[in-house]
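The values are calculated or read from the model by the stated rules, or taken from the named source; none is laboratory data. The shown structure was predicted, so the numbers you read here are calculated from the model rather than taken from an experiment. Backbone-built Cβ (ideal geometry, glycine too); neighbour counts: all protein chains shown.
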Amino acid sequence: MTDRYGDTRPASPETLGGAAAPEPTLAEDLLLLLFQPDSGLRSGSGTIAGEGTLFYVLAGAVLADLGLGDHVRTGTGRLGSTTVAAVVDNPPTDHLLRASWEYVADKPRGVQTVLAAMGPTLREPLLDRLIERGDLRRSTRKTLGLFETSVLEEGDSGRRAGLLGAVRAVLVDGVAPSPRVAALAALLYGSGTLPQFDRDIPWTSRVIARAEELKDGNWGAEATAKAVVRTITAVIVSSVVVAAAALPRG
């Protein structure tokens, strides 16, 4: 395959474009969780937590999703850095995941390189998917009676509440996670935004300790068959944490 991206960034992922919506990706779930419904200046509007580090975190979610689907594997570069390579006979069917898989299909690339290349293309197509599903709504409001401003509002699907409940059950109640929920919780913690969820997920030493376990790939007995995937996700989340720590918080 010819490198279409000039070794710098992948192609922009395709949006739904009116086609039947595929199953939500991990990045969609993470972005939906990061949406804070009542954080706007007006009741009922919201913002997305962690905008300053968002592109790294969403790219980490895409890589984690590719790992959960056995579409990528990790390796070690010449200088000991962690690399990501495509499993060439197992491409994903989802267009968004496929764009990122193709970026590492020609040759292994460093995790930090992949995160930086993939991230900037992800926010808008992911938002478009969430809006088409009805998880979020985009509308306009006038400020000062003159200027129209685009705002995001929570939709009627109820899916955000379900995701938040699943993550809370793992971090607060000690429920054994599925691999997907474990990765979602680890990425949420890696994003640095978990303290903003204190009303629903108390920011306690116990929660922090559990989140650290998930970040390190200690997912519990239910996920023992996914040992390789846990390792991949732990590497990716750790890389997201390192990258995000170097950026100003949004």
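The table for this structure:
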read-out: Total residues in the stretch 11-52, condition modelled with pLDDT under 70, surrounded by fewer than 18 Cβ atoms within 10 Å (Cβ to Cβ) and within 16 Å of the chain's Cα centre (by Cα); value: 0
read-out: Options Gly134, Gly158, Gly119, Gly174; residue that is over 28 Å from His95 (Cβ atoms) and out of contact with any strand residue (DSSP E or B) (no Cβ under 9 Å at 6 or more places or on another chain); value: Gly174
read-out: Selected residue (only one of Pro120, Pro125 is outside any loop (DSSP other than H, G, I, E, B) and touching a Pro at 6+ places or on another chain (Cβ under 8 Å)); value: Pro125
read-out: Scan of the stretch 96-120 for residues that are under 19 Å from Ala244 (Cα atoms) and β-branched (Val, Ile, Thr), ordered by number; value: Val111, Thr113, Val114
read-out: Residue selected from the stretch 153-170 under the condition charged (D, E, K, R) and touching a helix residue (DSSP H, G or I) at 6+ places or on another chain (Cβ under 8 Å), by the criterion modelled with the lowest pLDDT; value: Glu154
read-out: Some residue of the stretch 53-74 being out of contact with any strand residue (DSSP E or B) (no Cβ under 6 Å at 6 or more places or on another chain), modelled with pLDDT of 90 or more, assigned to a loop (DSSP other than H, G, I, E, B) and crowded, with 20+ Cβ neighbours inside 10 Å; value: yes
read-out: Checklist (1) in contact with a Lys or Arg (Cβ under 7 Å, 6 or more places away or on another chain); (2) modelled with pLDDT under 90; (3) at negative phi applied to Ala243, failing item; value: (1)
read-out: Among the residues listed as Arg159, Arg123, the single one being farther than 23 Å from Ala244 by Cβ and within 17 Å of the chain's Cα centre (by Cα); value: Arg159
read-out: Residues (assigned to a helix (DSSP H, G or I) and among the polar types (S, T, N, Q)) located in the stretch 75-100; value: Ser100
read-out: Odd one out for Thr83 among (1) among the hydroxyl-bearing types (Ser, Thr, Tyr); (2) buried (at least 24 other Cβ atoms within 10 Å of the Cβ); (3) within 19 Å of Val229 (Cβ to Cβ); value: (2)
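Here's the yes/no breakdown for (1) farther than 18 Å from Gly67 by Cβ; (2) of a type outside the set (Lys, Arg); (3) surrounded by fewer than 20 Cβ atoms within 10 Å (Cβ to Cβ); (4) over 17 Å from the mean Cα position of the chain (by Cα):
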position: Val167; (1), (2), (3), (4): yes, yes, no, no
position: Asp173; (1), (2), (3), (4): yes, yes, yes, yes
position: Ala182; (1), (2), (3), (4): no, yes, no, no
position: Arg206; (1), (2), (3), (4): yes, no, yes, yes
